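Undergrad: Encoded as structure tokens, here's the structure I'll be asking about.
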Amino acid sequence: MAVMKKKGSKGLPPISTASLPDVIFMILFFFMVSTTMREQELLVSYQLPQATEVQKLEKKNLVSYINIGRPVLHMQGKYGTASQIQLNDAFKTADDIGTFIAAEREALDEADRIFMTTSIKADKGTKMGIITDVKQALRRAHALKISYAAIEPRK
């Protein structure tokens with residue numbers, strides 16, 4: 001006796017994955033173009049005074065930011081409500097500004113070091129003594145190119 005097989009009972013044909021790398025590359029390219037990297041988390045809240053002169057900075061990667069103001073609500077339990085100096089993502093004192101500027105200079109190319117700018121973002125209620133201490137520390141660190149930012153703080 002002969003066994004009869006059905007000729008139409010083959011499995012499903014395999015799915016072609018030839019275009020899968022192209023699709024993944026397009027998605028990766030989209031996310032690389034559309035996202036921005038956050039440089040630092042803002043730990044102080046500040047309200048800037050009105051600007052009298054505006055100058056646009058050409059290369060933002062040559063700018064080092066010093067934020068001065070009261071700590072945000074969730075940090076006030078640890079640091080209080082007095083004005084604090086924020087360098088990158090941590091609270092520091094005016095004595096730490098020299099090492100901060102030196103580290104920022106080392107991160108730049110040698111040709112770009114002369115174009116390095118320090119931007120001070122301070123709350124309008126900050127005591128002038130703290131601003132003076134920061135400016136004196138910048139002077140000792142030979143960071144003489146200083147700008148005062150007039151950007152609205154994040155809420």
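The values are calculated or read from the model by the stated rules, or taken from the named source; none is laboratory data. What you are looking at is a predicted structure, and each value in this text was computed from that prediction instead of being measured. Methodologically, a virtual Cβ is constructed for each residue, glycine included, from the backbone with ideal geometry; neighbour enumeration extends over all protein chains shown. Only protein heavy atoms, including side chains, enter the accessible area calculation; ligands, DNA and RNA are left aside. Shrake-Rupley method; radii C 1.70, N 1.55, O 1.52, S 1.80 Å.
Undergrad: Kindly state which helices (runs of 4 or more DSSP H) lie completely within the stretch 59-155 and contain at least 3 residues that are open to solvent by less than 30 Å² (accessible area, probe 1.4 Å) and under 15 Å from residue 47 (Cα atoms).
TA: It comes to none.
Undergrad: Go through (1) without any contact (Cβ under 8 Å) to a residue 12 or more places away in the chain; (2) in contact with a Ser or Thr (Cβ under 6 Å, 6 or more places away or on another chain); (3) not β-branched (Val, Ile, Thr) for residue 70 and report which single condition fails.
TA: That leaves (1) as the condition not met.
Undergrad: Here is a check on your reading of the model: is residue 97 in contact (Cβ under 8 Å) with a residue 60 or more places away in the chain and hydrophobic (A, V, I, L, M, F, W, C)?
TA: Taking the combined requirement at face value, the residue does not satisfy it.
Undergrad: Which residue, of 103, 111, is over 19 Å from the mean Cα position of the chain (by Cα) and among the small types (Gly, Ala, Ser)?
TA: 111
Undergrad: Sort out which residues of the stretch 11-45 are hydroxyl-bearing (Ser, Thr, Tyr) and either open to solvent by 80 Å² or more (accessible area, probe 1.4 Å) or in contact with a strand residue (DSSP E or B) (Cβ under 8 Å, 6 or more places away or on another chain) (or both), and write them in order of number.
TA: Hits for the stretch 11-45 are 16, 17, 36, 45.
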